[in-house]
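Student: Got a structure here, written out as structure tokens. Questions coming.
Read-outs throughout are calculated quantities, based only on the coordinates presented, and are distinct from any laboratory measurement. This is a predicted model, so every value here is computed, not measured. Here the Cβ is made from the backbone with ideal geometry for all residues, glycine too, and neighbour counts use every protein chain on show.
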Amino acid sequence: MPSTPASATALRVGVFDSGVGGLSVLRAIHETLPQATLIYAADSAHAPYGERSDDDILRRSEAMAAFLHAAGADVLVVACNTATAIAIEPLRLHHAGWPIVGVEPGIKPAIAASRNGRIGVMATTGTLRSARYQRLLQAHGARVQVFAQPCPGLAHAIEQGRLDDPELLALIERHCAPLRAHGVDTVVLGCTHYPFVARQIQAALGPEVLLLDTAHAVARQVARVVEGLQPHVSAPGTLPQLWTNGDPQQMQRLAGQWLGFPFLVQRLPA
Ligand code: DGL
């Protein structure tokens with residue numbers, strides 16, 4: 001893949017999540033659009049979103065979007081199922097003309113993949129109670145049995161970064177046991193934090209259960225949306241910037257383990 005010439009301008013992709021979860025989407029976007037400048041904002045000081053009120057989620061999503069807009073993002077990626085469920089429509093209204101891509105639980109690919117028609121969806125309480133999730137289910141879920149599993153506490157525990165901690169493993173077991181009992185053969189990871197513990201979830205569900213997340217589908221959608229867009233900041237591409245209002249060392253460590261490409265961690269005011 002040719003690298004961006006120093007004189008060329010690069011398209012800016014702004015990405016946010018309640019915390020580190022959206023790095024799972026950022027990695028896929030980098031694979032799909034290696035020449036784009038990536039600006040990631042982690043609202044870790046206010047994570048988890050999944051157990052907050054809709055008003056809080058709206059307010060925090062708007063603050064993150066405003067930051068990325070001011071940073072010159074040509075496109076916004078809401079790399080959070082919860083924020084997409086609650087806030088993407090108001091964000092699109094408020095920022096008319098700014099392309100905004102969201103993340104939703106991959107019910108449709110799960111239906112295509114399932115052999116026994118029994119699907120589990122692991123997501124936050126906020127995502128599962130949303131009208132947007134109910135619409136997704138109505139649009140695609142009629143021919144199969146979908147077992148929704150709210151996972152309170154899981155995104156927060158992942159945010160702490162100790163991914164093999166016995167308490168985290170016990171929480172995963174607690175959330176996976178009902179899905180095992182329902183005999184699901186396909187499980188949707190409906191929160192961008194959960195791919196960080198996909199190995200642990202797989203161990204709890206058993207090797208025959210297929211896990212699905214939508215990071216690559218979202219990256220492909222971002223690539224479609226940016227086709228033909230002209231960068232509106234005329235500056236050459238730079239290292240991916242990871243802004244956090246949480247612990248910068250924690251971000252450095254998790255992103256270092258997860259991303260596999262160089263980046264710069266910056267402090268975001270809380
Ligand atoms: N990563 C987010 C999601 O995809 C939110 C997790 C949280 O903050 O509760 O839903």
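Student: Can you pull out every residue in region 17-38 that is crowded, with 24+ Cβ neighbours inside 10 Å and farther than 12 Å from E159 by Cβ?
Tutor: Just the residues of region 17-38 that are crowded, with 24+ Cβ neighbours inside 10 Å, to begin with: 17-26, 29, 37-38.
Hits for region 17-38 are S24, V25, L26, I29, T37, L38.
Student: Within region 216-228, which residues are out of contact with any strand residue (DSSP E or B) (no Cβ under 7 Å at 6 or more places or on another chain) and either at positive phi or touching a residue at least 60 places away in the same chain (Cβ under 8 Å) (or both)? Before the answer, list the steps.
Tutor: First pass over region 216-228, keeping only residues out of contact with any strand residue (DSSP E or B) (no Cβ under 7 Å at 6 or more places or on another chain): 216-217, 219-220, 223-224, 227-228.
Within region 216-228, H216, A217, A219, R220, A223, G228 meet the criteria.
Student: So which strands (runs of 3 or more DSSP E) are wholly in region 1-81 and hold at least 1 residues that are in contact with a strand residue (DSSP E or B) (Cβ under 9 Å, 6 or more places away or on another chain) and polar (S, T, N, Q)?
Tutor: Numbers: elements: 12-17, 37-42, 75-78.
The qualifying strands (runs of 3 or more DSSP E) are 37-42.
Student: Then there is this: I need the full set of residues from region 203-239 which are polar (S, T, N, Q) and farther than 22 Å from G50 by Cα, in order please. Before the answer, list the steps.
Tutor: Step one: of region 203-239, the residues polar (S, T, N, Q) are 214, 221, 230, 234, 238.
Listed by number, the residues that qualify are Q221, Q230, S234, T238.
Student: So which of V225, V233 is more than 15 Å from the ligand (Cβ to nearest atom) and outside any helix (DSSP H, G or I)?
Tutor: On the way: V225 fails: outside any helix (DSSP H, G or I).
Exactly one residue qualifies, and that residue is V233.
Student: Inside region 90-124, can you point out the residues that are in a helix (DSSP H, G or I), away from the ligand (no atom under 16 Å from the Cβ) and under 16 Å from R59 (Cβ atoms)?
Tutor: P90, L93, H94
Student: Keeping to region 125-160, report how many residues are under 16 Å from T84 (Cα atoms) and away from the ligand (no atom under 13 Å from the Cβ).
Tutor: Selection size over region 125-160: 5.
Student: Looking at (1) in contact with a helix residue (DSSP H, G or I) (Cβ under 8 Å, 6 or more places away or on another chain); (2) in a helix (DSSP H, G or I); (3) within 11 Å of the ligand (Cβ to nearest atom), which one does C191 not meet, given that it meets all the others?
Tutor: It fails just one condition, (2).
Student: Then there's this: Which residues, taken from region 34-83, are polar (S, T, N, Q) and either away from the ligand (no atom under 13 Å from the Cβ) or closer than 25 Å to P231 by Cα (or both)?
Tutor: Residues of region 34-83 polar (S, T, N, Q): 35, 37, 44, 53, 61, 81-82.
Passing the criteria: Q35, T37, S61.
Student: Identify, by number, the condition in (1) over 20 Å from the mean Cα position of the chain (by Cα); (2) of a type in the set (G, A, S); (3) within 15 Å of the ligand (Cβ to nearest atom) that A177 doesn't meet.
Tutor: Condition (3) is where A177 drops out.
Student: Here's something else I'd like to know. Using beta carbons and a limit of 8 Å, which pairs, at least six apart or on different chains, have the first residue in region 106-126 and farther than 20 Å from A155 by Cβ and the second one within 12 Å of the ligand (Cβ to nearest atom) and in a loop (DSSP other than H, G, I, E, B)?
Tutor: P109/T214
Student: Out of D185, D213, which single residue is in contact with a Lys or Arg (Cβ under 8 Å, 6 or more places away or on another chain) and touching a residue at least 24 places away in the same chain (Cβ under 8 Å)?
Tutor: Details: D213 fails: in contact with a Lys or Arg (Cβ under 8 Å, 6 or more places away or on another chain).
From the options D185, D213, the qualifying one is D185.
Student: Hey, could you check region 70-99 for residues that are surrounded by 24 or more Cβ atoms within 10 Å (Cβ to Cβ) and either free of Cβ contacts under 8 Å to residues at least 24 places away in the same chain or among the β-branched types (V, I, T) (or both) and say which is nearest to G190 (Cα to Cα)? Outline the logic, then answer.
Tutor: Going residue by residue through region 70-99, those that are surrounded by 24 or more Cβ atoms within 10 Å (Cβ to Cβ) are 73, 76-87.
Retained after the next criterion (residues that are either free of Cβ contacts under 8 Å to residues at least 24 places away in the same chain or among the β-branched types (V, I, T) (or both)): 77-78, 82, 84, 86.
Details: V77: 16, V78: 14, T82: 9, T84: 11, I86: 14 Å.
Result: T82.
Student: Kindly list the number of the only condition in (1) closer than 27 Å to L11 by Cα; (2) assigned to a helix (DSSP H, G or I) that fails for G141.
Tutor: (1)
Student: Still on this structure, please answer the following. From (1) surrounded by 16 or more Cβ atoms within 10 Å (Cβ to Cβ); (2) without any contact (Cβ under 8 Å) to a residue 40 or more places away in the chain; (3) more than 24 Å from A85 (Cα to Cα); (4) of a type outside the set (G, A, S), pick out the condition that doesn't hold for L259.
Tutor: With (1) surrounded by 16 or more Cβ atoms within 10 Å (Cβ to Cβ); (2) without any contact (Cβ under 8 Å) to a residue 40 or more places away in the chain; (3) more than 24 Å from A85 (Cα to Cα); (4) of a type outside the set (G, A, S) applied to L259, the lone miss is (2).
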